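First comes the structure, then the notes that go with it.
The values are calculated or read from the model by the stated rules, or taken from the named source; none is laboratory data. For clarity, every value in this text was computed on a predicted model and none was experimentally measured. Here Cβ is always computed from backbone atoms with ideal geometry, including for glycine, and neighbour counts include all displayed protein chains. Areas reflect the complete protein model, heavy atoms only, side chains present, ligands, DNA and RNA absent. Shrake-Rupley method; radii C 1.70, N 1.55, O 1.52, S 1.80 Å.
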Amino acid sequence: MRLRTRRATVLEKYDALAEKIDNNSIGLEDLLKKALHDKSPRVRWLAADSVGKKRFASLVPDLMAILETTDSITRRYSIRSIGDLAVDKSDTRKLLKFLNDPDELVRVETAGVLGILGTRLSVKPLLNALSDESELVRSNAVYSLGTLGTSKNIATIEKYLALEDSDMAKVDFYGTLYTLGRTHYLSSLLGMLENNDWAVRNSTLHTLFDLSLLDGDKSSVIKEVRGLLRKEKQEDVIASANDLLVSLS
């Protein structure tokens, strides 16, 4: 009589793959390639997330191949890994459609990765994404435009800024416009250090940290950040403020 072998459960397959990833097992690249096409969404997204972290650039074509057919979580991790590896600028054209994905976080990842891939092909779609219903998408889109945009795009960005109602998104708008040469927006950005929401204050500090500040602007930033520290109570904000001051010293 032939004995039937028990199939591994999804959780068992997931745990086995996670262990091999943690241990950098021999043949891990091939294992991840196979796992990207697994029937289980849980296994697929673990594989997609790990491809970028493990720097397996040879698997980017597999990530691109499954984007059309997989679940939203796997799409999100696949796009993130494509951005982490950033090996082929031609991937940009294939990713543009995901700025219109029904899943908000897929659109967020796409907006960010298009800035990393760095091709002018992305500029118009990113400008269109400034009208997305999600403030996270708008923030990531305008941040990427700071990398890809030119002075030709400033008027359009300012048009969307005038309509923007999210303080968190405004932080990235101000930072991008400063990057594109409208340095007077620094005062608007520094004004966000007075925001009632500590997350907005913290985001402002991170944005200032990332900016290539003009030498003449550094003293203004240092003065405002020191003023913030005299009254700030939130530990994350305090840590970010101190990191910024160290970077400017």
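For region 208-233, filtered to residues that are assigned to a loop (DSSP other than H, G, I, E, B) and surrounded by 14 or more Cβ atoms within 10 Å (Cβ to Cβ), the residue that is nearest to the chain's Cα centre (by Cα) is 211.
If you check every pair at least six apart or on different chains, which have Cβ atoms under 6 Å apart with a residue in region 123-142 that is closer than 14 Å to residue 101 by Cα first and a residue that is open to solvent by 50 Å² or more (accessible area, probe 1.4 Å) second? So the pair list comes out as 134/104.
Are any of the residues in region 83-101 touching a residue at least 24 places away in the same chain (Cβ under 8 Å), of a type in the set (Val, Ile, Thr), under 20 Å from residue 129 (Cα atoms) and in contact with an Asp or Glu (Cβ under 8 Å, 6 or more places away or on another chain)? The answer is no; no qualifying residue exists. Residue 154 meets each of the listed conditions (1) in a helix (DSSP H, G or I); (2) open to solvent by 50 Å² or more (accessible area, probe 1.4 Å); (3) over 19 Å from residue 208 (Cβ atoms) apart from (2).
Which one of 122, 144 is hydroxyl-bearing (Ser, Thr, Tyr), assigned to a helix (DSSP H, G or I) and under 13 Å from the mean Cα position of the chain (by Cα)? Before the answer, list the steps.
Details: 122 fails: under 13 Å from the mean Cα position of the chain (by Cα).
Going through 122, 144 in turn, the sole match is 144.
The set of residues from region 47-56 being more than 12 Å from residue 28 (Cα to Cα) and surrounded by 16 or more Cβ atoms within 10 Å (Cβ to Cβ) comprises 48, 49, 52.
Within region 192-200, none of the residues are polar (S, T, N, Q), touching a residue at least 24 places away in the same chain (Cβ under 8 Å) and in a helix (DSSP H, G or I).
I'd like the residue in region 26-44 that is touching an Asp or Glu at 6+ places or on another chain (Cβ under 7 Å) and in a helix (DSSP H, G or I) and, out of all such residues, is least open to solvent (accessible area, probe 1.4 Å). Step through it out loud before you land on a result.
Applying the first criterion (touching an Asp or Glu at 6+ places or on another chain (Cβ under 7 Å)) to region 26-44 yields 33, 36, 41, 44.
Still in the running and in a helix (DSSP H, G or I): 33, 41, 44.
Values: 33: 89, 41: 60, 44: 32 Å².
Looking at the filtered set, the residue picked out is 44.
Against the test of being surrounded by fewer than 16 Cβ atoms within 10 Å (Cβ to Cβ), among the β-branched types (Val, Ile, Thr) and in a helix (DSSP H, G or I), the options 246, 171 yield a single qualifying residue, 246. The single residue among 110, 70 that is outside any helix (DSSP H, G or I), open to solvent by less than 30 Å² (accessible area, probe 1.4 Å) and either within 21 Å of residue 14 (Cα to Cα) or of a type outside the set (D, E, K, R) (or both) turns out to be 70.
Going by what's in this entry, would residue 120 be described as open to solvent by 70 Å² or more (accessible area, probe 1.4 Å), at pLDDT below 95, in contact with a Leu (Cβ under 9 Å, 6 or more places away or on another chain) and under 24 Å from residue 158 (Cβ atoms)?
Working: open to solvent by 70 Å² or more (accessible area, probe 1.4 Å): yes; at pLDDT below 95: yes; in contact with a Leu (Cβ under 9 Å, 6 or more places away or on another chain): yes; under 24 Å from residue 158 (Cβ atoms): yes.
It is true that residue 120 is open to solvent by 70 Å² or more (accessible area, probe 1.4 Å), at pLDDT below 95, in contact with a Leu (Cβ under 9 Å, 6 or more places away or on another chain) and under 24 Å from residue 158 (Cβ atoms).
Is it the case, given these coordinates, that residue 182 is in a helix (DSSP H, G or I), in contact with an Asp or Glu (Cβ under 9 Å, 6 or more places away or on another chain), in contact (Cβ under 8 Å) with a residue 24 or more places away in the chain and charged (D, E, K, R)? Lay out the reasoning, then the answer.
Values: in a helix (DSSP H, G or I): no; in contact with an Asp or Glu (Cβ under 9 Å, 6 or more places away or on another chain): yes; in contact (Cβ under 8 Å) with a residue 24 or more places away in the chain: yes; charged (D, E, K, R): yes.
No.
Based on what the data block shows, is residue 197 surrounded by fewer than 14 Cβ atoms within 10 Å (Cβ to Cβ), among the acidic types (Asp, Glu) and at pLDDT below 95? So residue 197 fails the test.
All of (1) over 20 Å from residue 106 (Cβ atoms); (2) not in a loop (DSSP other than H, G, I, E, B) hold for residue 64 with one exception: (1). Output the residues belonging to region 97-106 that are within 18 Å of residue 65 (Cα to Cα) and either within 15 Å of the chain's Cα centre (by Cα) or not in a helix (DSSP H, G or I) (or both). Of everything in region 97-106, those that are within 18 Å of residue 65 (Cα to Cα) and either within 15 Å of the chain's Cα centre (by Cα) or not in a helix (DSSP H, G or I) (or both) turn out to be 98, 99, 101, 106.
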